[in-house]
Amino acid sequence: MRNKISQQLYRLMASHAVSESQLAKLTGINQAIINRILHNKTKNPRIDTVMSLAEYFRISLDQLTGMTDTEHETNAILMVKVPMIEWHQILTRQNNSNPQYIYADVDKKGDYFATELNNQSMLPYIQAGSQIIVDPSQPYTDGDFVVAHTGGSHDVVARQYVNEGGGRLVPTNSVYQSFEMNHDVTIIGTIIRISSALI
């Protein structure tokens, strides 16, 4: 059974879609220490470790240790194992022979997939290398970020859907190309989560 710190840390990492290695880089805490806390092998972590975690997640020490409730209630959250695929595999959505997964808090089970944005077309909102989770079943509306196939054999892009005329896919970085919605353009899915690239 997990202790309260382990439970809270697991929930927080899942709700922020951050992996052990990412959290280690972002907080400066050794990944092995994070792993030991998550797996209840370190029941009383050092205060500087706990403070760094609380600071990163912007909660109090009492919230992290389970002494008071966090604003991250998990009763309505379903943790889903989401396959991480390479950008060039989006059209077929086939994992490689050694698939990787992330855990994400989502409202329901679905056909989600995660990938890393491969360019700077969505700056300043999404950096190149940022992890995104895409939901192919989520209806897109005006202003949503989407992943789309633009007609070429491997032309997959991230863009913002703008509902003007027949609809357009526009980059938030004006250096990149916009696309008119037509029979050659297919929305693959709506981007539902973004985790910034590590710098």
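What follows draws every value from the coordinates through simple rules; no lab data is involved. Keep in mind the model is a prediction, meaning the values are calculated, not measured. All Cβ positions, even for glycine, are placed from backbone atoms using ideal geometry, and neighbour counts span all protein chains on display.
A few notes on this one:
- Footprinting exposure proxy ranking of Val175, Val18, Val50, fewest other C-beta atoms within 10 angstrom first, gives Val175, Val50, Val18.
- The phi-based Karplus calculation (6.51 cos²θ - 1.76 cosθ + 1.60; θ = phi - 60°) puts the 3J(HN,Hα) values of the stretch 19-32 at 8, 4, 5, 5, 4, 4, 5, 6, 9, x, 8, 4, 4, 4 Hz, whole numbers, x for Gly and Pro.
- Integer Hz, Karplus 6.51/-1.76/1.60 couplings in order for the stretch 54-62, x for Gly and Pro: 4, 5, 4, 7, 6, 10, 7, 4, 4
- Other-chain or far-sequence residues with amide H under 5 Å of Ile102's (modelled H): Val82, Met84
- Order by protection proxy (mean Cβ within 10 Å, highest first), peptides 167-174, 130-137: 130-137, 167-174
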